[in-house]
1. Could you list, in sequence order, the residues of the stretch 25-37 that are within 16 Å of the ligand (Cβ to nearest atom), surrounded by 14 or more Cβ atoms within 10 Å (Cβ to Cβ) and assigned to a loop (DSSP other than H, G, I, E, B)?
2. Got at least one residue in the stretch 113-121 being within 24 Å of PHE267 (Cβ to Cβ), of a type in the set (Lys, Arg) and not in a helix (DSSP H, G or I)?
3. Go through the stretch 73-119 and report how many residues are within 16 Å of the ligand (Cβ to nearest atom), aliphatic (A, V, I, L, M) and out of contact with any helix residue (DSSP H, G or I) (no Cβ under 9 Å at 6 or more places or on another chain).
4. Which of the following residues is surrounded by 16 or more Cβ atoms within 10 Å (Cβ to Cβ) and either within 19 Å of the chain's Cα centre (by Cα) or within 16 Å of the ligand (Cβ to nearest atom) (or both): ALA218, ALA245, ALA289?
5. Look at ILE20 and say whether it is modelled with pLDDT of 95 or more, within 18 Å of GLN291 (Cα to Cα) and crowded, with 20+ Cβ neighbours inside 10 Å.
6. How about the stretch 196-212: which of its residues are surrounded by fewer than 18 Cβ atoms within 10 Å (Cβ to Cβ) and in contact with an Asp or Glu (Cβ under 6 Å, 6 or more places away or on another chain)?
7. Quickly run through the stretch 38-47 and pick out the residues that are buried (at least 17 other Cβ atoms within 10 Å of the Cβ) and in a loop (DSSP other than H, G, I, E, B).
8. Within the stretch 66-93, which residues are assigned to a helix (DSSP H, G or I), more than 16 Å from LYS301 (Cα to Cα), aliphatic (A, V, I, L, M) and in contact (Cβ under 8 Å) with a residue 12 or more places away in the chain?
Amino acid sequence: MTKVLIATDKPFAPVAVKGIRKVTEEAGFELVLLENYTSQDDFIKAIDDVDAVIIRSDKATKEVIDAGRKLKIIVRAGAGYDNIDLQAATAKNVVAMNTPGQNSNAVAELALGMMVYYARNFYNGKSGSELMGKKLGIHAYGFVGKNVARIAKGFGMDVYAFDPFIPKQEIEKDGVKWISTVEELYQTCHFISLHIPANSQTKQSINFALLSKMPVPACLVNTARAEVINEPDLLRMFQERKDFAYLSDVEPTNKAEIEAGFKMKFFCTPKKMGAQTEEANINAGIAAAKQIVNFINHGDKTFQVNK
Ligand code: 3PG
C-alpha cells in the first residue's frame, strides 16, 4: 500500500490534516503523521518506508532524502522550497514539488497586520500613524506580493512593485505602479515588503547600500526568508538611521542585539507564522495531498521544482 507521511515540526491545523487524510485514504493510501518532532533523526526514521512526504519548512536534507528507501515524491506544502536539497532529490529520482499560491493570502495578511501594529506603536496607547497614503514597495510580485498589493490598496496605500520576472502590464493591471529597478523601489517607498525567495542570487542581497536608500521614515517588512537579509548591515541600519524599523516573520540570528537596542523599531513573531491559518493549512495541505495522488496514480508532475 502507498504510504504518505506528513512531517511537520509546526503542525497543520487538525482540520487540514483531516482533509489530507480524506484525500489520501480515498485514493487507497495510508497516511502517517510525524508532528512536533524535535530532532532530524525522528524525520530520518519516519521516512524509511514511505512513498511520499508532505512537509512545510521542515528540512529535507540529503540525509533525510537518502533515508527514504521507497521515496518517490516530496511535496513542500507552501511556496518556498529552499528547505529541500533538490540535487539530492534529483540524484535519487525523487520528484520535488511545491504548492504555489495556496498560502499566499495568509502571509499577505500578516505583512499588513505587522505594519498596522508598528504604525500604532505596538498598541501602547500613544498616538501612532496610519497606512493610508503611505508609499509601499513590493519587492517581488508573486502570489504573496499580489495579495499584499490588493490588501494595501484597501488601506489606501500608494503601491509600487519591482519584479524583473513579471511583465510590466501584469503589475499595472492591478493598479500598482511598476518600478524598473530595485534601487528605485527602495528610494521611493517608506514601507518595503519582501517577497523574494532565498537562493544563491538573493541571499544577503538586502544590504546597507539598498536599505539606506529608503526615505525617512523607513520600515522593512520581511515575511520571506531570514537568509535574504545581510544581518550585520541590518544592525548598521538601526544604528545609523533612528527612523528605521524592521518587522519580521523570520527571526534574525542577531535578534537579541537588535531587541536590546531598538525595541520600539523592531518586531519579530515568536515562531514563523505567516502561513499559519486554518485556511492556508487546508489549501496547501490538500493541494499537496492531491498532487501526490495525481503523481502516484497518473505520473502528473505539475509543480515539479527539480526539473
Ligand atoms: C512558504 O514558503 O510557503 C511560507 O514561508 C510558509 O512556510 P511554513 O509552511 O513553514 O509556515
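The values are calculated or read from the model by the stated rules, or taken from the named source; none is laboratory data. Remember, it's a predicted structure, so these values are computed and weren't measured experimentally. Positions of Cβ are generated from backbone atoms using ideal geometry, with glycine treated the same way; all protein chains shown enter the neighbour counts.
1. TYR37
2. Yes, there is a match, as at least one residue in the stretch 113-121 is within 24 Å of PHE267 (Cβ to Cβ), of a type in the set (Lys, Arg) and not in a helix (DSSP H, G or I).
3. 3
4. Only one candidate passes the filter, namely ALA289.
5. Judged against the criteria, ILE20 is a match.
6. LYS203, ASN207, PHE208
7. ILE47
8. Within the stretch 66-93, ALA67, ALA88 meet the criteria.
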